[in-house]
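The values are calculated or read from the model by the stated rules, or taken from the named source; none is laboratory data. Since we're looking at a predicted model, the values are computed, not measured. Neighbour counts run over all protein chains shown; Cβ positions are idealised from the backbone, glycine included.
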Amino acid sequence: MRLALLTALAMIAFAANSVLNRMAVGSGAIDVMSFALIRLLAGAGMLGLLVALRHRRGGALWAGWSGRAVGVAGLLAYLIGFSAAYLALDAGMGALILFAAVQVTMFAGAFVGGEAVPTRRWLGAGLALSGLALLLWPGAGAVPSLPAAGAMVAAGVGWGLYSLAGRGARDALGATAWNFLLCVPVALVLFALAVMLGLGVGPWTAGGISLAILSGAVTSGLGYALWYALLPSLGAARAGVAQLTVPLIAAAGGLALMGEVVSLRFALAAALVLGGVGLASVQSRLRNR
């Protein structure tokens, strides 16, 4: 029961990132680059503190350079694309597009890396991709903004690459903390360039700053730390299935907090994406028996 409750809490934290981004950036309380930077700083501070506290108890401080370049690049693409997408996307729709892009990216990474790809994973990736296509296909019903959807796809590819780079990490918390910390100087340079070029960096509001700090320190920093602590007990299959709930929780949060409407198109696309990822997870469970 305790494991189930903690897992549910981690999934709520992941979904909350979508809702908090939408509330802050979509309402104009803060601009895209500022939200991403403050979220990164808050997350780096929280994760750095956790690693420092662990180090005082005898844990490792440095996680090594393996996969760090790809991890930093992927994390930056995720943070900036994620915030930019919520200028126009609803919370649930954004989470669904992100989830589909991550699934397809990780499948492609496994395929390019020469891993044996079972039939169920091919089918699962195909279902997820068809769900994404249905969501973005022009036609009857509301279609999300294509630039915003493209930004979320870029965020999903970034997070997928970040996840692929970290698969072999022996210290997941340390690797994540250092990826955040190493992103900070790069993000500061990008932010300075955006200010110099006048690329949509606007005034900050107290509400926007508060939401960015909450997203970075709590739902990202503490949420990721909790998730990594749970992964050894969950195993790969149950962890994959648990994440199927994130777009649905995000949609519920958007409905409750911002009055966003769940359309039939979204419901059908969600069924295809989540069904595809679920199918891939079933194969992992069968293989691990």
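Numbers at a glance
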| read-out | value |
| --- | --- |
| Restricting segment 217-247 to residues that are hydrophobic (A, V, I, L, M, F, W, C) and touching a Gly at 6+ places or on another chain (Cβ under 7 Å), the residue that is modelled with the highest pLDDT | Ala217 |
| Segment 203-223, residues that are under 13 Å from Ala36 (Cα atoms) and surrounded by fewer than 17 Cβ atoms within 10 Å (Cβ to Cβ) | Trp204, Ser210 |
| Test: residue in segment 247-260 that is touching a Leu at 6+ places or on another chain (Cβ under 9 Å), surrounded by 18 or more Cβ atoms within 10 Å (Cβ to Cβ) and β-branched (Val, Ile, Thr) | no |
| From the options Leu188, Leu197, residue that is over 23 Å from Met11 (Cα atoms), surrounded by fewer than 15 Cβ atoms within 10 Å (Cβ to Cβ) and either without any contact (Cβ under 8 Å) to a residue 24 or more places away in the chain or basic (Lys, Arg) (or both) | Leu197 |
| Residue tally, condition at pLDDT below 95 and among the basic types (Lys, Arg), over segment 30-55 | 1 |
| Any hit, segment 23-39, residues being touching a Pro at 6+ places or on another chain (Cβ under 8 Å) and assigned to a helix (DSSP H, G or I) | no |
| Cβ-Cβ under 6 Å pairs, at least 6 apart or on other chains, segment 88-116 side closer than 12 Å to Met152 by Cβ, far side basic (Lys, Arg) and modelled with pLDDT of 85 or more | Ala91/Arg22 |
